[in-house]
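Worksheet: one structure, shown below.
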Amino acid sequence: MWCFNMRKKLLLGNWKMNKLASEAKEFAIASSPLVNKALKNNIDLGVAPTYLSLAQVKQHAHPNMIVAAQNVHFQTSGAFTGEISIPMLKEFAITWALVGHSERRTYDNETNEKCNAKVKALLAEKMVPVYCVGETLAEFEAGQTKVIVGTQVRDGLKDLTAEQVKELVVAYEPVWSIGTGKNASTEIAEDVCKFIRDVLKDMFGPIAEEIRILYGGSVKPENIKAYLSCPNVDGALVGGASLKIDSYEALLNNII
Ligand code: 13P
């Protein structure tokens, strides 16, 4: 009988538009003992720096530190000013990328269709997409959470096979909880993450039990343990509280 706790916990920091490359390098060096601690406790640890810091972090962090891009283009090259492609990430041994973060959905017109193209392109290259979904405050208040999140999951992961999605990570981040200090209750986080897993089961079958689903939105050292105790929450995607090494260490310590 398969049991939920077979999924390896994942703590992923999203640095957004923060840290100079020099600061990112400093963090990468300081994080080495934390990666060792995480390894001993069967936890995956990672960060998503800005593009300009990716190489520094990859070079100076522990080899087991997951280093993720915050975005990627679905085409391999061409006339797409300001964009970065998968081969460009691979050249620096970056094999993870966030897709569809709510800030990109809001400010950069990242649609479910565009996310789908990115997820497909990443999986085709054996990379790991962290596909982000979540409803706005207005949608939450209108009781539309599952309609919105269900559509984001179905459209963003359209036309993929069960074999392909095994390595995928999904992150549920209610937009109203991001950077606001208004974190979702553990009941909401578990309810929506379970709903996401049910949608994944419907789309891909039993492999859905292996897909890691993260919660994100005002996760702090004080509340991370409660989220990670939810049966369908396999980790956290953390913004603000992942920026300082002490706080990042406290996040890790509190889920060990
Ligand atoms: P905060 O943890 O700062 O609320 O950000 C969450 C987030 O958007 C992570 O991707």
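The values are calculated or read from the model by the stated rules, or taken from the named source; none is laboratory data. It should be emphasised that the depicted structure is a prediction, and the values quoted were computed from it without experimental measurement. Heads up, the Cβs are rebuilt from the backbone with ideal geometry, glycines too, and the neighbour counts pull from every protein chain shown. These accessible areas exclude ligands, DNA and RNA; they are computed on the full protein's heavy atoms, side chains included. Shrake-Rupley method; radii C 1.70, N 1.55, O 1.52, S 1.80 Å.
Among residues of region 192-232 being more than 16 Å from residue 130 (Cβ to Cβ) and acidic (Asp, Glu), the one that is farthest from the ligand (Cβ to nearest atom) is 202.
If you go through region 94-110 and pick out every residue that is open to solvent by less than 50 Å² (accessible area, probe 1.4 Å) and either modelled with pLDDT under 95 or more than 17 Å from the chain's Cα centre (by Cα) (or both), you end up with 0. The one condition from (1) farther than 19 Å from residue 157 by Cβ; (2) part of a helix (DSSP H, G or I); (3) touching a residue at least 24 places away in the same chain (Cβ under 8 Å) that residue 246 does not meet is (3). Of the helices (runs of 4 or more DSSP H) that lie entirely inside region 140-218, those containing 3 or more residues that are open to solvent by 70 Å² or more (accessible area, probe 1.4 Å) span 145-156, 186-204. Counting only residues that are open to solvent by less than 20 Å² (accessible area, probe 1.4 Å) and in a loop (DSSP other than H, G, I, E, B), region 222-231 holds 1 of them.
Listed here are the residues, each with its yes/no results for (1) closer than 19 Å to residue 246 by Cα; (2) at pLDDT 95 or above; (3) basic (Lys, Arg).
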site	(1), (2), (3)
24	yes, yes, no
39	yes, yes, no
46	yes, yes, no
57	yes, yes, no
70	no, yes, no
73	no, yes, no
78	no, yes, no
90	no, yes, yes
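Scanning region 119-139 for residues that are open to solvent by less than 10 Å² (accessible area, probe 1.4 Å) and assigned to a helix (DSSP H, G or I) turns up 119, 122. Any residue at all in region 45-55 that is open to solvent by less than 10 Å² (accessible area, probe 1.4 Å), touching a residue at least 24 places away in the same chain (Cβ under 8 Å), closer than 19 Å to residue 169 by Cα and in a loop (DSSP other than H, G, I, E, B)? Yes: one or more hits.
Only one of the listed residues (124, 189, 117) is at pLDDT 95 or above and more than 18 Å from residue 74 (Cβ to Cβ). That residue is 189. The condition of being touching a residue at least 40 places away in the same chain (Cβ under 8 Å) and away from the ligand (no atom under 16 Å from the Cβ) holds for only one of 189, 138, 117, that being 117.
Among the residues of region 17-26, at least one is within 30 Å of residue 138 (Cα to Cα) and open to solvent by 60 Å² or more (accessible area, probe 1.4 Å). Please verify whether region 146-165 includes one or more residues that are at negative phi, without any contact (Cβ under 8 Å) to a residue 40 or more places away in the chain and of a type in the set (A, V, I, L, M). Yes, some residue in region 146-165 is at negative phi, without any contact (Cβ under 8 Å) to a residue 40 or more places away in the chain and of a type in the set (A, V, I, L, M).
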